[in-house]
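Heads up: the structure comes next, in structure tokens.
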Amino acid sequence: MISRKFENERLRRKQEEKEIIDGLLDIYNDYKWLYEQFGDEQYEQMMEQIVEQLKKFTRRKRRE
């Protein structure tokens, strides 16, 4: 019973992590498209911030 609960929790967390990463990548792709269309540096800066968030998230996951 405990192992089933643990497994369900692990699967739920894994799905949440996937959704976070997918969401960040979607936002990154949106800003990339905007940057390619308009060349505004603010879009490029947002892309860089998103990459930093992805790095922090994946670093944190490796430590767990």
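Given the chain, report the % of alpha carbon pairs whose separation exceeds 19 Å.
Numbers: 939 of 2016 pairs.
Beyond 19 Å sits 47 percent of the P(r) for the chain.
Axis of helix 2-38 versus longest Cα principal axis of the chain: the two differ by about 0°, to the nearest ten degrees. If the chain linking Arg13 and Lys55 were pulled fully straight, counting 0.36 nm for each residue of separation and taking away their Cα-Cα distance, it would gain 13.3 nm.
Computed from Cα atoms, the angle from the helix 41-63 axis to the main principal axis of the chain rounds to 20 degrees. Entry note, the chain: relative contact order of 25 percent, from Cα contacts under 8 Å with a spacing of 6+ residues.
Read-outs throughout are calculated quantities, based only on the coordinates presented, and are distinct from any laboratory measurement. What you are looking at is a predicted structure, and each value in this text was computed from that prediction instead of being measured.
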